[in-house]
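Below you'll find the structure, written out as structure tokens, and then a few comments.
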Amino acid sequence: MSHLTHRQNVARIVSSIRLTRPYTPFYRLAAHRIPTLWTLYRGLLRASPSPIIRSHIQTLFHDQRHLTSPALTKTQLEKGQRWLDSFKKARQGDEYLRSVLQRFERLVVAHRNLARMCGIVNDSLSWKHRLLSRPIFTAALFKPSIYNGPLPRLKPQPDHISGMIHKRRITRSRRIERQRALFSQIEDLQVETKFETNLAANGERFKPYFSQLYLPEWRAPVESCLEELQAAFERDAARATRSTPPSLLRQLKAARCEKIANKTRERERQMRGEVLSVTRYRSRLGFPAHVLALWSPKVRKANLVARCSAGKVGYVGQVKRALGYRISPEDDGVDNAKRKRLDSLAESVQKSNQSRRDREVMTERRAEGGVLRSKEAVALEGLDSV
């Protein structure tokens, strides 16, 4: 037997036991879909002891239809097969499994009721959040620009308005870059045309590609793109000069009237003794409006810190002393004897640190090979040289 025949026999034996992975996913194979849908799923629906369990099985299969992991899918299929066996045994007369399935049915009903109640609560909370954060008119006009027309100023500003302005900014910047690139292409065409014209004037014989009849064909698509960009820029300019519609003006006027009426009702409620959010904010300011208007932000902060804080040390004490509050100097709780002892210790530590630094400097000079000389010796050497 030749060597080639031996290799073919070995390859045939190995290929028969080698694990081959199909190119098609398992969930698209008929070997998986037919037993799962027509045997397991259909069998579970037919053998279900009650409509509640049947609908629960439908929900489970619907929720897990996106499984693509073979291991997870195998686990779920094995669980479904165990359920099918239990359903069949319960239908054949197994009292224990019947009681288990009845408890399972009650559990499914309780779970559905809980999910329904949670959904109702979440819907009410989300609706309350939308009511609290709904946009309202501020009685101001969002002035028109190249990115937006005349709009009412809303608080908070809706996301779709912010997204519209942001998208138009990006689009305009890209449009400008595109226009610059097209102008550059036109300049290149002019340079090429001038070059071929000069060659023809010098008597050179060649086939033109950019001049004469070919130039309009080159410029036509570029000019059409420039016309489209110019039309877009004109639309932006028209948007910036658009007048405010009368309906919007009427809405703004009504919003301003409502704002005045709302503030009037707010003042009346405060006079009756109600504590509102604006009442708490004004009380935190601590000073009347005509006084706050005369102060700078720095002075306002200092007065607010001094009035709202009961401390007398640290930053609060420093601010109060600067404002003229009668506060005694800070006392660190150290008597005279202890203070003298601490001062002597600090002086000794300072001297030891200075001597240590001097020794380190002398050691470095010796390492460099220098000779330590006194000031007198240096001065004598200077006199001898003179």
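Derivation of every value follows stated rules applied to the coordinates shown; laboratory data play no part. On a predicted model such as this, the values are computed, not experimentally measured, just so you know. Every residue, glycine as well, gets a Cβ built from its backbone with ideal geometry; the counts of neighbours run over all protein chains shown.
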Over the range 139-244, volume per residue of the alpha carbon convex hull, in Å³: 97
Value of relative contact order over the range 139-244, rounded to a whole percent, pairs C-alpha under 8 Å and six or more apart: 43
Ranked 183, 61, 87, criterion: other C-beta atoms within 10 Å, fewest first: 183, 61, 87
The chain - mean residue ellipticity at 222 nm from DSSP helices (-39,500 (n - 2.57) per run, n ≥ 4, rounded to 500): -24000 deg cm²/dmol
In Å, descending, principal axis extents of the Cα set of the range 23-130: 51, 46, 20
Relative contact order for the chain, counting Cα pairs under 8 Å that sit 6 or more residues apart, in percent: 10
For residue 153, residues with placed amide H under 5 Å, excluding near neighbours: 138, 140, 141, 142
Overall form of the range 223-275 per C-alpha gyration tensor (a/c, 1.5; a/b vs b/c): prolate
Least to most buried among 37, 67 (fewest other Cβ within 10 Å first): 37, 67
Neighbourhood charge, 15 Å Cβ-Cβ cut-off, centred on residue 123 and excluding it, Lys, Arg +1 and Asp, Glu -1: +3
Translational D in µm²/s for the chain (Stokes-Einstein at 37 °C, 0.692 mPa s, Kirkwood Rh from C-alpha pairs): 90
Total formal charge among the other residues, if their Cβ is under 13 angstrom from that of residue 345, Lys/Arg +1 and Asp/Glu -1: +3
Stretchable slack from residue 322 to residue 29, in nm (0.36 nm times residue separation minus alpha-carbon distance): 97.1 nm
Cross-link pairs 128/263; 298/320; 155/263; 143/298; 143/167 - those with Cα-Cα distance over 25 Å: 143/298
